[in-house]
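The values are calculated or read from the model by the stated rules, or taken from the named source; none is laboratory data. Worth saying up front: this structure is predicted, and the values here are computed from it rather than measured. All Cβ positions, glycine included, derive from the backbone under ideal geometry; neighbour counts span all protein chains shown.
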Amino acid sequence: MKHTFAFSRRQHGAALVVSLLLLAVMTILALSASQTTRLQERMAGNARDMDVAFQAGEAGVRNAEAWIDGQAAQPQTCSAAPCTVFQAGIFPPDMATATDTWWTTNGQPYGTAAKEMSSANADPIFVVEEAAFLKDDLTEGNGPPSGRVFYRTYAGAQGATDSARVVVQTTFTKRF
């Protein structure tokens, strides 16, 4: 005896439609995961680029501090390039807006070789500004007063690409 079911004729192709719907949903999920991964990869690359720029800036200000610390006598200040130590108030109010031309004209290069920082796009450039002289005491006497000179050191640096730029500032003091 042959059994035929009435509903079997109505279900032809239903599995195909359901499987196509599931395939479409899985494709959308895969594309979304791919875009998220690509975005995270870009964010990680930008974070690394900024880290390299910051490390180069730190190296630049440490180089400036080492230069000041190595001076036997207090360096003379000046108001225009070429100059190693500038008078207070000469620099732009916001060093982050200083152009590449300004840094190249007024700054000192990092190190002695043409390109010492292999991970950065370019070596940092530093500038030094004499901020203030603070006497040790209030007495007046013969000879120059003893005290400390405060310097502001700035370094402009780039990361692994030209798009990541930082300016790092420190305050350094030395007794002469």
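Only residues that are polar (S, T, N, Q), part of a helix (DSSP H, G or I) and more than 20 Å from residue 169 (Cα to Cα) were counted across the stretch 39-90, and they come to 2. Please determine whether any residue of the stretch 162-176 is at pLDDT 90 or above, part of a loop (DSSP other than H, G, I, E, B) and more than 21 Å from residue 82 (Cβ to Cβ). Taking every residue of the stretch 162-176 in turn, at least one turns out to be at pLDDT 90 or above, part of a loop (DSSP other than H, G, I, E, B) and more than 21 Å from residue 82 (Cβ to Cβ). Of everything listed in (1) under 20 Å from residue 160 (Cβ atoms); (2) loosely packed, with under 10 Cβ neighbours inside 10 Å, the single unmet condition for residue 50 is (2).
Mind telling me which of the residues 35, 40, 71, 76 ends up being loosely packed, with under 11 Cβ neighbours inside 10 Å and closer than 26 Å to residue 147 by Cα? Answer to the check: 76. Taking every residue in the stretch 134-162 that is more than 17 Å from residue 106 (Cβ to Cβ) and in contact (Cβ under 8 Å) with a residue 40 or more places away in the chain and pairing it with any residue that is in a strand (DSSP E or B) and among the acidic types (Asp, Glu), at least 6 positions away or on another chain, the pairs with Cβ-Cβ distances below 9 Å are 149/130.
Out of curiosity, is residue 97 exposed (fewer than 11 other Cβ atoms within 10 Å of the Cβ) and farther than 13 Å from residue 64 by Cα?
Answer is yes for this residue.
In the stretch 98-126, the residues that are over 18 Å from residue 85 (Cβ atoms) and modelled with pLDDT under 90 form Cβ pairs under 9 Å with partners that are of a type in the set (Val, Ile, Thr) and assigned to a loop (DSSP other than H, G, I, E, B), at six or more places apart or across chains, as follows: 121/161.
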